[in-house]
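J.: Please find one structure pasted underneath; my questions will follow.
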Amino acid sequence: MKKTLRALSLIVAAAIILCCFAGCGEKKESEKIVFGTNAEFPPFEFISSVNNGTIGEFDGIDINIAKIIGEKIGKTAEISNIEFDSLLIALNNGQIDAAIAGMTITEERKQSVDFSIPYYTATQVMIVKEGSDIQTAADMQGKKIAVVQGYTGETCVQNLGFEYEAFKKGTECILELVNGKCDVVVIDSATAEKFIGDNPGLVIIEDNTQFEKEEYGIAVAKGNTELLDSINTVLQQIIDDGTLADLAVKYIDEM
Ligand code: ARG
């Protein structure tokens, strides 16, 4: 109880200090911070569809994190929806300030961008039709495998040495599977959960011996330590105070 009170008063004090900074300084136009994403990856980023079929808004765990980061650093978070493949290029062009896209921190990507501290742990899984004889990653040998181009799922299948077909979106892979045009889709775990929830008759197969843990991070242009430090500070805060866990529960349980 005491702890909660202390935490609360700290938050209130911080809020007051923040308000003072915002209010007392010369009235600056609120600067923006542009987050690049690829809103094809529920529950991290997707475009919410409204019942009557009209296009909704960007939503998801990452979109919420981006907004929180914006708020905490006093900038308006703007979302730029681009192809997953182009995110790192867009970062290095200065077209976006940060990429938040359920992006796995990999050694290869670290060559061209800098990553925040990890904020989510995932793994690749296989999605198959109920009754499929695929029970392990090795069983994919000789099967028609669908992956999304540029995702770590593609790299995993490449590393296994199997042939595959790459699509632009996860939903396209799922359509192939539903229509019997492929046997298995390899994709990140939480997104797979969402896809099987939407498509009865599909199931998830895990193989922890072949698919290693992956950690998601926010990417910034190499050397942009100022932004990276602010992002890390906010991430650490929302990890410590449970905000991130609440978001994960909200978006993952909602499915
Ligand atoms: N975690 C995987 C990767 O880093 C897939 C991420 C896809 N994200 C997206 N927003 N489309 O490659």
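The values are calculated or read from the model by the stated rules, or taken from the named source; none is laboratory data. None of the values given here were measured: they were computed from a predicted structure. Quick reminder, even Gly has a Cβ in these numbers, built from the backbone with ideal geometry, and neighbours come from all protein chains shown.
J.: With respect to residue 133, determine if the residue is in a loop (DSSP other than H, G, I, E, B), out of contact with any strand residue (DSSP E or B) (no Cβ under 8 Å at 6 or more places or on another chain) and surrounded by fewer than 19 Cβ atoms within 10 Å (Cβ to Cβ).
T.: Yes, satisfied.
J.: Does at least one position in the range 106-117 carry a residue that is crowded, with 21+ Cβ neighbours inside 10 Å, assigned to a loop (DSSP other than H, G, I, E, B) and more than 12 Å from the ligand (Cβ to nearest atom)?
T.: yes
J.: Could you check how many residues of the range 158-189 are within 13 Å of the ligand (Cβ to nearest atom) and either modelled with pLDDT under 95 or surrounded by 23 or more Cβ atoms within 10 Å (Cβ to Cβ) (or both)?
T.: Counting residues in the range 158-189 that are within 13 Å of the ligand (Cβ to nearest atom) and either modelled with pLDDT under 95 or surrounded by 23 or more Cβ atoms within 10 Å (Cβ to Cβ) (or both) gives 6.
J.: When you scan the range 144-250 for helices (runs of 4 or more DSSP H) that lie fully inside it, which ones turn up with 3 or more residues that are touching a helix residue (DSSP H, G or I) at 6+ places or on another chain (Cβ under 7 Å) and under 25 Å from residue 36 (Cα atoms)?
T.: 189-198, 225-240
J.: So which of 126, 140 ends up being over 25 Å from the mean Cα position of the chain (by Cα) and crowded, with 23+ Cβ neighbours inside 10 Å?
T.: The unique qualifying residue is 140.
J.: Is it the case that the range 154-162 has a residue that's aromatic (Phe, Trp, Tyr) and within 23 Å of the chain's Cα centre (by Cα)?
T.: Looking through the range 154-162, none of the residues is aromatic (Phe, Trp, Tyr) and within 23 Å of the chain's Cα centre (by Cα).
J.: If we keep just the residues of the range 143-155 that are in contact (Cβ under 8 Å) with a residue 40 or more places away in the chain and buried (at least 23 other Cβ atoms within 10 Å of the Cβ), which is farthest from the ligand (Cβ to nearest atom)?
T.: Looking at residues that are in contact (Cβ under 8 Å) with a residue 40 or more places away in the chain and buried (at least 23 other Cβ atoms within 10 Å of the Cβ), I get 145.
J.: Another one. Considering (1) of a type in the set (Val, Ile, Thr); (2) at pLDDT 95 or above; (3) within 24 Å of residue 187 (Cβ to Cβ), say which one residue 55 fails and leave the rest.
T.: Exception for residue 55: condition (2).
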